[in-house]
Amino acid sequence: MPVSLCAESIKKHFPTRSGELAVLRDVSLTLDAGESAAIMGPSGSGKSTLLNILGTLDTPTAGTVTIDGKNPFELDERELARFRNQRIGFVFQDQHLLPQCCVLENVLLATLVTRGGNDATERARRLLDRVGLSDRLKHLPAELSGGERQRVAIARALINNPTLVLADEPTGNLDQTTADSIASLLSEVHRDENVTLLVVTHSRPLAERFERRFDVADGTLVELEGA
Ligand code: ADP
Ligand code: MG
């Protein structure tokens with residue numbers, strides 16, 4: 001299997017009023033194409049910081065990230081935006097949907113840059129059908145439940161056929177039953193859409209759905225053995 005995502009010796013320090021805060025000290029991680037993994041760890045341990053760096057939304061203080069064999073931080077700003085848009089799908093805890101746009105439009109937004117055209121609309125409809133929302137295409141985010149909004153976010157993350165999907169506590173704000181259904185959906189989507197999936201979660205049952213599990217501890221990443 002080709003390597004999808006490779007992080008080597010990532011460090012991240014934040015300047016604060018009381019000096020430098022070393023959040024990530026030395027993080028390395030390699031995921032093969034199509035693998036799924038969960039990152040666990042206590043609140044404030046640097047999980048979101050790491051996911052943002054792997055997703056090229058933030059830069060590391062030191063270390064390298066390689067996605068599909070390319071170092072995205074060598075690209076200029078425009079190329080990086082394009083790279084991110086085409087290769088990486090994001091699912092956040094709070095969805096980040098545009099409130100004035102309907103479900104279908106929210107999923108299609110990411111294709112405006114790449115000019116998806118009619119094919120994009122077809123794909124958006126297929127993905128929304130896949131996540132169980134085909135009868136909600138014209139609804140606004142405020143007219144949906146938290147779980148339904150997360151389904152929209154999952155469809156949106158997949159619209160540009162990314163190779164890598166990053167999810168930051170995707171079930172964090174959901175009740176148990178809804179969280180379970182989103183967890184099932186994520187693992188089905190991972191199987192069907194041929195993506196590498198990395199999920200940050202506090203939930204052990206969610207983490208156990210994936211092939212590999214890691215713990216962020218003291219600024220490093222430790223792979224947990226077994227299921
Ligand atoms: P987690 O997602 O594991 O809860 P985060 O990655 O959000 O943790 O944050 C890890 C630590 O880094 C926290 O102590 C947080 O306060 C700090 N941090 C995150 N972003 C910044 C920033 N932009 N400036 C300063 N400190 C930050
Ligand atoms: Mg976080």
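In the range 1-22, which residues are among the charged types (D, E, K, R) and out of contact with any Ser or Thr (no Cβ under 6 Å at 6 or more places or on another chain)? Outline the logic, then answer.
Here is the first cut: in the range 1-22, the ones among the charged types (D, E, K, R) are 8, 11-12, 17, 20.
Listed by number, the residues that qualify are Arg17, Glu20.
Show the residue pairs meeting these rules: Cβ distance below 7 Å; 6+ apart or different chains; first residue within the range 20-44 and closer than 27 Å to Arg191 by Cβ and in contact (Cβ under 8 Å) with a residue 12 or more places away in the chain; second residue of a type in the set (Asp, Glu) and within 16 Å of ligand 1 (Cβ to nearest atom).
Met40/Asp215; Gly41/Asp215
Tell me which strands (runs of 3 or more DSSP E) are completely within the range 115-222 and hold 1 or more residues being more than 18 Å from the chain's Cα centre (by Cα) and either modelled with pLDDT of 95 or more or on the phi > 0 side of the Ramachandran plot (or both), or say none if there are none.
none
Please go through the range 57-91 and pick out each residue that is surrounded by 19 or more Cβ atoms within 10 Å (Cβ to Cβ) and not charged (D, E, K, R).
Scanning the range 57-91 gives Pro60, Val65, Ile67, Pro72, Ile88, Gly89, Phe90, Val91.
Going by the conditions given, is Leu109 touching a residue at least 24 places away in the same chain (Cβ under 8 Å), under 25 Å from Asp192 (Cβ atoms) and part of a helix (DSSP H, G or I)?
yes
Sort out which residues of the range 26-48 are more than 22 Å from Glu211 (Cα to Cα) and away from ligand 1 (no atom under 12 Å from the Cβ), and write them in order of number.
Within the range 26-48, Asp26 is the sole residue that qualifies.
The values are calculated or read from the model by the stated rules, or taken from the named source; none is laboratory data. Computed from a predicted structure; not experimentally measured. Counting neighbours? That spans all protein chains shown, and the Cβs are built from the backbone with ideal geometry, glycine included.
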